[in-house]
Every structure is written in structure tokens, then in C-alpha cells.
Amino acid sequence: MRPASQSGRVPAPPVQRGAAASPRRKFLNFVPQLRSGSFMKVLLVNGGPHRQGCTFTALSEVAGALEKQGIDTETLWLGVEPVAGCIGCGRCFATGRCFIGDAVNEVIARSAEFDGFVFGTPVHFASATGSLTGFMDRLFYGRTTLFAYKPAAAVASCRRAGSTAALDQLNKYFAISRMPVVSSQYWNMVHGTTPEEVRRDAEGMQIMRTLGVSMAWLLRCIEAGRAVGIGLPEAEEPVRTNFIR
């Protein structure tokens with residue numbers, strides 16, 4: 001992505017492609033698609049600067065586990081160019097879109113197609129990357145209702161430490177949006193400085209597979225409930241407390 005021009009338009013990031021994609025694994029190209037029947041799909045967002053680096057390796061393991069459970073996946077790589085952060089202008093509340101015309105708006109437009117979300121990041125100073133943070137700030141700020149009750153998970157890749165802090169940061173987006181947070185057998189993290197090292201992290205790879213299986217199970221449970229008439233909870237009117245009094 002490029003910095004916003006005077007018109008506020010930013011081109012969408014590069015589409016991630018690769019021979020490793022399975023028949024069920026599609027790489028996001030922002031072409032509108034319609035869901036039908038019990039077809040379910042999960043969007044995985046790669047917030048790392050490397051197209052097929054450590055974060056991609058972890059997300060691919062999650063995607064593979066989802067696909068084995070019959071869940072389709074699509075992967076979005078945010079790219080290496082700057083991703084603008086939220087400036088708090090509030091325009092999204094009026095238009096339903098961010099004034100910056102990048103991938104945030106494309107995901108908003110296609111949000112109904114996805115039943116679950118996985119956001120992956122390398123660890124930068126014990127936090128998520130700036131690009132993923134900017135992306136998620138703008139994605140969730142004015143449109144949290146689009147993601148309510150859809151399962152979500154965060155994945156962190158690090159050399160040594162800082163992953164739990166980064167996971168805590170990302171999980172807060174889900175917790176404030178009424179999204180069920182999907183867990184694994186341990187914190188959703190992998191270790192290594194190269195994809196090869198990550199693949200040698202046997203426990204980390206197992207954690208990713210378990211995460212995929214857990215998300216697939218939860219999606220099936222939600223689908224089964226819907227089939228017998230269990231709808232979404234009715235939300236109360238929001239109450240805001242003024243602490244300055």
C-alpha cells in the first residue's frame with residue numbers, strides 16, 4: 001500500500017499467490033463471492049513484512065487444519081508499504097467506510113463472506129506490527145457490528161519473547177467486538193527467525209493445527225445452532241459511563 005494521496009485513495013496491497021495453495025485455499029483478490037448453503041470460509045490476515053515468512057508459515061498451518069475440516073480459507077498479506085493508522089475523524093460512522101481507500105474497505109465490503117478471522121503478526125518490540133495495528137484500528141473502529149459473534153484468533157511469531165504481549169494486544173480487538181476468541185493447547189505462538197526454523201518448532205506447529213481444528217469445531221457448533229433456530233443474542237443499547245464527574 002502507498003501513503004494516502006490528496007484524494008485519500010490508497011491502492012490495495014499485493015495479492016498473495018503461491019503454488020503451495022491447496023484447492024480449498026484461495027488467496028484474497030477482493031473479487032466479490034457469494035456464500036451458499038453450509039459453505040464456510042475463514043480469512044487469515046498476514047501482518048508480517050515478508051510475503052512467505054514466519055507469520056505466513058504459522059498461518060498456513062492453521063489454514064491447512066481448517067481445510068482438512070472442510071472450511072475454506074483466504075489469505076491477505078498487507079504488504080510492505082505503509083498502512084495508515086486511524087485519525088479519529090469519525091467519517092466511517094456516517095459512511096460505513098474509511099476515507100482511505102485501501103484493503104480495509106475491501107475487507108469491510110466482503111465481511112459477510114467470512115465466518116471467522118485469524119490475524120497473524122511477527123513480534124515488534126513485544127507488540128504487533130505497525131501495519132497490522134493500523135489496519136485493525138481502522139477495520140474495527142466504526143464497524144465492529146460486522147464482526148460480532150464471528151470467531152477470531154490471533155497468532156504471533158517471534159524469535160524469543162514478546163509474543164504473549166502481542167497476542168494480548170490483538171485479542172482486545174475481538175473482546176470489544178463480541179467475537180468469540182478461539183484458543184489452542186497453548187498460547188497461539190511460534191518461534192524462529194526463518195520459515196525453516198518455524199517449521200522445526202514442532203510444538204508451535206501443533207499449536208497452529210490445534211487452533212485450526214478448534215476454530216472449525218466452533219464454526220460447526222454455530223452452524224448447528226443456527227440450523228435448529230438458535231439465533232444471535234439480542235444486544236442491549238450501549239451504555240456509556242462518564243468517569244469525569
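The values are calculated or read from the model by the stated rules, or taken from the named source; none is laboratory data. Remember, it's a predicted structure, so these values are computed and weren't measured experimentally. Don't worry about glycine lacking a Cβ; one is built from the backbone with ideal geometry, like all the others, and counts go over all protein chains shown.
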(request) Determine if the range 147-163 includes at least one residue that is over 28 Å from Gly70 (Cβ atoms), at pLDDT 95 or above and hydroxyl-bearing (Ser, Thr, Tyr). (result) yes
(request) Inspect all residues belonging to the range 10-22 and state whether any of them is in a loop (DSSP other than H, G, I, E, B), of a type outside the set (Lys, Arg) and at pLDDT 95 or above. (result) no
(request) Give the residues of the range 197-225 that are of a type in the set (A, V, I, L, M) and under 17 Å from Asp72 (Cβ atoms), sorted by residue number. (result) Leu211, Val213, Met215, Ala216, Leu218, Leu219, Ile222
(message) Can you tell me how many residues within the range 46-92 are outside any loop (DSSP other than H, G, I, E, B), at pLDDT below 95 and surrounded by fewer than 19 Cβ atoms within 10 Å (Cβ to Cβ)?
(response) 1
(request) Return the pairs, sorted by first residue and then second, in which the second residue is of a type in the set (A, V, I, L, M) and surrounded by fewer than 19 Cβ atoms within 10 Å (Cβ to Cβ), the first residue lies in the range 168-180 and is closer than 17 Å to Ser127 by Cβ and without any contact (Cβ under 8 Å) to a residue 40 or more places away in the chain, the beta carbons are less than 9 Å apart, and the residues are 6+ apart or on different chains. (result) Asn171/Val181; Phe174/Val181; Ala175/Val181
(message) Residue under question is Phe135, and the condition is that it be aromatic (Phe, Trp, Tyr), farther than 19 Å from Asp72 by Cα, modelled with pLDDT of 95 or more and over 13 Å from the mean Cα position of the chain (by Cα); does it hold?
(response) no
(message) Anything in the range 181-200 that is under 28 Å from Thr144 (Cα atoms) and free of Cβ contacts under 8 Å to residues at least 24 places away in the same chain? List them, or say none.
(response) Tyr186
(message) What pairs come out if I take residues in the range 224-243 that are under 20 Å from Met179 (Cβ atoms) and pair them with residues that are surrounded by fewer than 10 Cβ atoms within 10 Å (Cβ to Cβ) and hydrophobic (A, V, I, L, M, F, W, C) whose C-beta lies under 8 Å away, six or more apart or interchain?
(response) none
(message) List the helices (runs of 4 or more DSSP H) inside the range 129-245, counting only whole elements, that have at least 1 residues being closer than 29 Å to Cys54 by Cα and among the polar types (S, T, N, Q).
(response) 130-141, 163-175, 202-227
(request) Select from the range 93-128 the residues that are in a helix (DSSP H, G or I) and of a type in the set (Val, Ile, Thr) and write down the one among them that is surrounded by the fewest Cβ atoms within 10 Å (Cβ to Cβ). (result) Thr95
